[in-house]
Each structure stands twice: as structure tokens, then as C-alpha cells.
Amino acid sequence: MQGWWWREVAGLVLPVDCAGCGAARVLLCAACLAALGGDPVFLARPSPRPRGLPAVHAAAVYDGPVRQVLLAHKERGALPLAGALGAALAGAVRAAAAPVGGEPGGRELALVPVPSARRQVRARGHDPARRIALAAAARLRRSGVPARVAPVLRLRRAVADQAGLGARQRRENLAGALEVRRGGARLTAGAVVVLVDDLVTTGATLAEAARAVCVAGLAQGAAPGAAVVAARSDFRGRIQSSGATDRQSCE
Ligand SMILES: [Zn+2]
């Protein structure tokens with residue numbers, strides 16, 4: 001449990017109930033913050049593993065209160081939760097960046113959010129992954145890690161809603177769907193690229209995002225890092241005791 005953001009958020013008493021468990025009059029109670037705490041960050045290993053999926057680091061298990069908090073932020077516009085979600089993501093980003101060259105005090109980190117479909121952004125009134133990425137980058141900078149958000153990915157065609165699709169259908173739905181915007185290489189030049197999202201389900205979206213980043217040469221031939229707030233409990237894999245996974249190449 002990391003005290004710094006516990007104090008920051010738990011001390012903030014608002015006329016709402018805990019988004020995770022419904023405890024009265026607190027944005028997030030201590031127990032739900034702990035569940036989001038990223039302690040320890042773990043490797044998320046979807047099975048089957050989509051081709052080209054980089055190592056995905058997750059801060060929390062997508063279950064119980066964490067699931068409620070993510071849904072409240074994403075679907076119900078509980079925007080003050082972005083701070084706590086961003087803090088959780090920041091921990092996963094640090095773990096994801098280490099093996100791809102993002103040592104503390106080293107190169108700047110470019111957090112590349114996985115984009116939502118335009119109609120989803122319209123319906124929700126915001127882009128959840130981008131909002132959490134902004135909070136995570138701010139958190140990283142405050143702790144002395146140079147980081148910025150580089151929203152360089154865009155959907156090049158309409159895709160069906162992924163919910164309700166199986167792993168194979170998701171891959172087909174998303175194949176070739178993402179691309180790097182014009183000028184994207186400039187936005188990430190010299191930085192360590194880390195893909196970020198709120199959660200990983202089948203891994204199809206992050207694999208497609210990694211493909212697009214690799215095709216555009218944003219990570220100089222190396223696969224980007226990937227970090228998410230939450231992953232399913234059965235995806236939980238241990239990070240090697242060396243503290244890092246091997247650097248992967250673009251496939
Ligand atoms: Zn709670």
C-alpha cells in the first residue's frame with residue numbers, strides 16, 4: 001500500500017459514496033484504494049496470447065471494487081476517480097518502462113493511450129483511457145519521472161463494440177484498425193513508448209496498438225511497453241525476480 005495517494009484521496013470527503021463498495025461519504029474508501037494499489041504490479045498474461053502482444057503490466061485485479069471503480073469512471077463519468085486510477089496506472093507504467101529503457105532519470109516516457117471509438121467518447125462524454133493516462137503522467141512527473149501523454153493512435157475505420165465478442169472475433173474486428181496519426185513520430189521522438197489502457201481483456205486491442213506502433217517505427221524496432229490499471233485474476237503472472245521482463249522486438 002502506497003501511503004502518498006491514500007492520504008491524498010482518502011482524505012477527500014465528498015458527498016458521494018465509495019465507488020468501489022458504497023461506503024458512505026467518501027470518494028474511495030481505504031480498502032478499495034488498497035485494492036487498486038498496484039502492490040505488487042503483475043504481468044497480465046491473457047490466454048490465448050494474441051500475436052504481437054507486448055508484456056502487459058497490471059496494477060490491480062479486475063474484480064469486485066476495482067471493477068466497480070473502473071466502470072464508475074468509464075461508463076458513469078465519475079471523473080474524480082481518474083486521480084486514483086492514474087496513480088495505479090503510474091505504478092504499472094514504471095514497471096512496464098523499466099525493461100524497455102525507461103530507467104528512472106533516463107529517457108522521457110511517452111504514454112500512448114488506446115483510443116476509444118468516437119461514438120463511445122460521445123456517449124460517455126470523455127475518453128477514459130486518455131483521462132487516466134493524463135493523471136498517470138502527472139503522477140509520474142511529480143515523482144521525478146519525466147512523462148507525457150502522446151495520443152498518437154487513431155481508429156482508421158469503424159469497429160464493432162468489443163463487448164460480447166470472443167477472442168478470435170475481437171482479433172478479426174480489430175485487425176488493422178489502428179494507425180499512428182500523421183506527426184505521431186514527432187510526438188514520441190526520443191521517448192520510451194508505453195501503451196496504456198484501463199484494462200486488458202483478451203489482449204487483442206493492445207496487440208493491435210503494438211502492431212500500429214511497430215509499423216510506424218515509434219519504438220525503433222523494439223516492442224513498446226504496455227501497462228493497464230487492471231487485468232483478470234486468471235491472467236496474473238509473476239514478474240521475474242530480476243524485476244524485468246526481456247525486451248521484446250516488433251513481430
Ligand atoms: Zn470502498
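The values are calculated or read from the model by the stated rules, or taken from the named source; none is laboratory data. Because the structure is predicted, anything quoted here is derived from the model rather than measured. Every residue, glycine among them, receives a Cβ derived from its backbone with ideal geometry; neighbour counts consider all protein chains shown. Surface areas here come from the heavy atoms of the whole protein model, side chains and all, with no ligands, DNA or RNA. Shrake-Rupley method; radii C 1.70, N 1.55, O 1.52, S 1.80 Å.
Among the cysteines of the chain, those with no neighbouring cysteine Cβ under 4.7 Å are 21, 32. Could you calculate the contour length gain from residue 31 to residue 49, that is, 0.36 nm times the residue separation minus the distance between their Cα atoms, to one decimal place in nm? Computed gain between residue 31 and residue 49 is 3.3 nm.
Net charge in the neighbourhood of residue 235 (other residues with Cβ under 13 Å of its Cβ; Lys, Arg +1, Asp, Glu -1) is +3. Here the chain carries DSSP beta bridges of which approximately 30% are antiparallel, counting only pairs with both residues inside. Measure off, as a whole percent, the carbon and sulfur share of the 1.4 Å-probe accessible area of the stretch 100-213, all protein chains present. Exposed carbon and sulfur together represent 50 percent of the surface. Placing +1 on each Lys and Arg Cβ and -1 on each Asp and Glu Cβ, with no other charges, gives the chain a dipole about its Cα centre of roughly 640 debye.
Axis of helix 128-142 versus longest Cα principal axis of the chain: the two differ by about 80°, to the nearest ten degrees.
Full extension of the chain segment joining residue 75 with residue 160 gains 28.8 nm, where the gain is 0.36 nm per residue of separation less the Cα-Cα distance.
Selection among 37, 112, 158 by position relative to the dipole of the stretch 35-158 gives 158 as farthest towards the positive end (Cβ unit charges, Cα centre). How would you classify the stretch 65-186 from its alpha-carbon gyration tensor, with a ≥ b ≥ c the square roots of the eigenvalues: rounded for a/c under 1.5, else prolate if a/b is greater than b/c, otherwise oblate? Oblate, since a/c reaches 1.5 and b/c is not below a/b. Rounded to the nearest 500, the helix-only mean residue ellipticity at 222 nm of the chain stands at -10000 deg cm²/dmol, with each DSSP H run of n ≥ 4 adding -39,500 (n - 2.57).
Give me the one-decimal nm value for the distance between modelled label points at residue 173 and residue 16, 7 Å along each residue's Cα-to-Cβ direction. Between residue 173 and residue 16, the label points sit 2.7 nm apart.
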